[in-house]
Amino acid sequence: MGKDMTSGNPLKLIIFFTLPMLLGNIFQQFYSMADTFIVSQTLGMNALAAVGSTGSITFLILGLAIGLTAGLAVITAQRFGRKDEAALRRSLGVSLIITIIASAILTILATLNTRNILELMQTPPEIIDLSYDYLVIIFSGTGATVLFNYLSNILRAIGDSRTPLIFLIVASILNILLDYLFILGFNMNVEGAGYATIISQFAASMLCLLYIKKRVPILRVHKEDWTLSWTEYKEHLRVGLPFGFQYSIIAIGTIAVQVALNQLGALSVAAYAAASKIDQFFTMPLQTIGVSMSTYAAQNFGAGKFKRIKQGVRIALKITISYSVTIGITLWFGGQFLSSFFVDGNQTDVLELTELFFRIQAPFYTFLALIFVLRFTLQGLGNSFAPTLAGAMELVARVFGAIILSNLFGFSGAIMSNPLAWISAVIILALAYYYTQRLLTNEPTPLALRLSLGSKEMVRAVNALEDQ
């Protein structure tokens, strides 16, 4: 069921924990790409642009809640690492209440303001109605999406990355079948893709709940585990909220880029949507290893095994940097060909823009590798400052690219905002991790305390270790 990552070979632990998540993410991307393929091939370019243009908006709303649940799971992983089952179950009760409240608030706010958000983003008139029809359905199902991510995160917090994989595969297959049923069978428009996504996420959530009830006693919350202790809620919100805000800060930057693309027209929107699908698929392993490092770092931090954290980071960096160089070369030469699976061959203008997308981004994937490993490691340590600051730097860079560079260079300028954002974030994260290492080796400085965690949690952990 669960996996203790505080002992054993770090390389094997990280790889075997990452592989099920990677396979799950591949299936998740597969059905996301299936949405794009079915929509583009059956409903046309405007429908593709409509669905693609909503990505940054859903990332803003859903990312806030999903980031929140990921942060809450860090507390769970730390308590699992120090073998405190009673505190772990209290963490689950507190986290679930916070998740339910956050999901309800976001669902209401998002569904009531969908049209206003699209208009504020200057969505092209020819696709705004389709975008609205798709987006309002996705927002209505916020609870299902967030619940599945919450349950998956707590399973991963105790070292179980295989079970969420199984349920993701089920959700992926169900999503694809429902896409064909709703869009082709029932002649539904983009709404069919939205309903397929929500239903599949709800089904996966129910499977997670049933599995936990039947097979994972450590995650069963009892009556005495529900608590109204403000100290517990404060501790969880201290970590969870910054996680969510980090996602939202990054999402605001992507929205700024989307606004710039919307101003450039439907061709640019469609090209960005198609290229982004390929980009997300190939960069997914980088993010997956990053997520693994969050659990690995959290469990070892809870156990006070700081040297293992640094050892794991070195291993993860070697893997991700090597991979980022490989995909950079692959997408530089083959990005346009891969994009042709989502764009009609007659749309040569769109395909040329997808090639430009990859020629600009491909040389900078190494920076993205550094971001994922360092950001998630710091988050696993309970960091609430440096990753947020890095996200703010990404926001500034993306807004600069969207407002200034897109006006100067058009589509190229908008795409330049991504490498600029990655470089800006890496500077902050690298400094934070450097000073965190000094703190873990009992060489703290005032700057180290500020850049590492922005809290007293690590200091207390180091002091506790010294007292042993």
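The values are calculated or read from the model by the stated rules, or taken from the named source; none is laboratory data. Because the structure is a prediction, the values reported are computed rather than measured. FYI the Cβ positions are ideal-geometry reconstructions off the backbone, even for glycines, and counts take in every protein chain you see. Heavy atoms of the whole protein, side chains included, go into the accessibility calculation; ligands, DNA and RNA do not. Shrake-Rupley method; radii C 1.70, N 1.55, O 1.52, S 1.80 Å.
Sort 54-60, 315-321, 84-90 for me by packing, meaning the mean count of neighbouring Cβ atoms within 10 Å per residue, highest on top. Intermediate values should be presented prior to the final figure.
Numbers: 54-60: 21.6, 315-321: 19.6, 84-90: 17.6.
Sorting 54-60, 315-321, 84-90 by mean packing, highest first, produces 54-60, 315-321, 84-90.
With label points built 7 Å along Cα→Cβ from the Cα atoms of LEU209 and LEU19, find their separation and express it in nm.
Roughly 3.3 nm, to one decimal.
Quickly rank 179-191, 11-23, 207-219 as a protection proxy: mean count of other C-beta atoms within 10 Å, highest first. Could you put the intermediate results ahead of the total?
Values: 179-191: 17.2, 11-23: 18.9, 207-219: 15.3.
Descending mean neighbour count gives 11-23, 179-191, 207-219.
Angle, helix 365-380 long axis vs. longest principal axis of the chain, Cα atoms, 0 to 90°, nearest 10?
With both axes taken from Cα atoms, the answer is about 40 degrees.
Note the angle between two axes, namely the Cα long axis of helix 306-339 and the longest principal axis of the Cα atoms of the chain, as a number of degrees from 0 to 90, rounded to the nearest 10.
Value to nearest ten degrees: 10.
Cα convex hull of the stretch 264-346: mean projected area in nm², to one decimal?
Working: hull surface 28.5 nm².
Averaging across all directions leaves 7.1 nm² for the Cα convex hull.
Mind checking the per residue accessible area of the stretch 88-141 for me, 1.4 Å probe, whole number of Å²? Present the calculation step by step, with values, prior to reporting the outcome.
Values: 2340 Å² over 54 residues.
Ligands and nucleic acids excluded, the figure is 43 Å² per residue.
Excluding ARG359 itself, calculate the net charge of residues whose Cβ lies under 13 Å from the Cβ of ARG359, where each Lys or Arg counts +1 and each Asp or Glu counts -1. Show your work: numbers first, answer last.
On the way: positive: none; negative: ASP279, GLU352, GLU355.
Its environment carries a net charge of -3.
How much FRET efficiency would the formula 1/(1 + (r/R0)^6) give for PHE333 and GLN437, where r is the Cβ-Cβ distance and R0 is 25 Å, rounded to 0.05?
Working: r = 38 Å, r/R0 = 1.50.
For R0 = 25 Å, the calculated efficiency reads 0.10.
In the chain, if the dipole is taken from +1 on Lys/Arg beta carbons and -1 on Asp/Glu beta carbons about the Cα centre, which of LEU264, ILE117, VAL221 is farthest to the positive end?
Farthest towards the positive pole: VAL221.
Quick check: at a probe of 1.4 Å, how many percent of the accessible area of the chain sits on carbon and sulfur atoms? It would help to have the intermediate numbers written out before the result.
Numbers: 12350 of 18760 Å².
Taking all protein chains in place, the chain shows 66 percent carbon and sulfur surface.
Over every pair of different alpha-carbon atoms in the stretch 121-168, take the mean of 1/r and invert it; report that Kirkwood radius in Å.
Working: mean 1/r = 0.0768 Å⁻¹.
Here the Kirkwood hydrodynamic radius works out to 13.0 Å.
Just the Cα atoms of the stretch 165-298, one point each, no solvent: what log10 I(q)/I(0) does Debye give at q = 0.18, 0.20 Å⁻¹?
Here the Debye-derived log intensity ratios amount to -1.39, -1.39.
Express the relative contact order of the chain as a whole percentage, based on alpha carbon pairs under 8 Å and six or more residues apart in sequence.
Values: 758 pairs, mean separation 103.0, N = 468.
In percent, rounded to a whole number, it is 22.
Quick one: Kirkwood hydrodynamic radius for the chain, alpha-carbon pairs, angstrom, one decimal? Please list the in-between numbers first.
Numbers: mean 1/r = 0.0445 Å⁻¹.
One over the average 1/r among Cα pairs gives 22.5 Å for the chain.
Counting Lys +1, Arg +1, Asp -1, Glu -1, what net charge surrounds PRO164 among other residues with beta carbon under 15 Å of its beta carbon?
On the way: positive: LYS3, ARG156, ARG162, ARG215; negative: ASP160.
Residues near PRO164 contribute +3 overall.
Given the DSSP H assignment, sum -39500 (n - 2.57) over each helix run of at least 4 residues in the chain and divide by its residue total; what's the result at 222 nm in deg cm²/dmol, nearest 500?
Working: 19 runs with 384 residues, N = 468.
Helix contribution divided over all residues of the chain: -28500 deg cm²/dmol.
What whole number of Å gives the distance from the Cα centroid of the stretch 51-87 to the Cα centroid of the stretch 332-361?
33 Å
Sorted from largest to smallest, which semi-axis lengths in Å does the alpha carbon gyration tensor of the stretch 325-407 give for its equivalent ellipsoid, taking the root of 5 times each eigenvalue?
On the way: eigenvalues 192, 60, 21 Å².
So the three semi-axes of the stretch 325-407 are 31, 17, 10 Å.
In square angstrom, what is the accessible area per residue of the stretch 330-443 with a 1.4 angstrom probe? Kindly include the intermediate steps, with their values, before the conclusion.
Values: 4400 Å² over 114 residues.
For the stretch 330-443, the solvent-accessible area averages 39 Å² per residue.
Output ³J(HN,Hα) for the stretch 395-409: one whole-Hz value per residue in order, computed from phi by the Karplus curve 6.51 cos²θ - 1.76 cosθ + 1.60 with θ = phi - 60°, and x for Gly and Pro.
Couplings: 4, 4, 5, 5, 5, 4, x, 5, 8, 8, 5, 5, 6, 7, 10 Hz.
Given a Förster distance of 51 angstrom, what is the FRET efficiency for ILE427 paired with PHE186, based on the Cβ-Cβ distance and rounded to 0.05?
Numbers: r = 51 Å, r/R0 = 0.99.
Efficiency at R0 = 51 Å is approximately 0.50.
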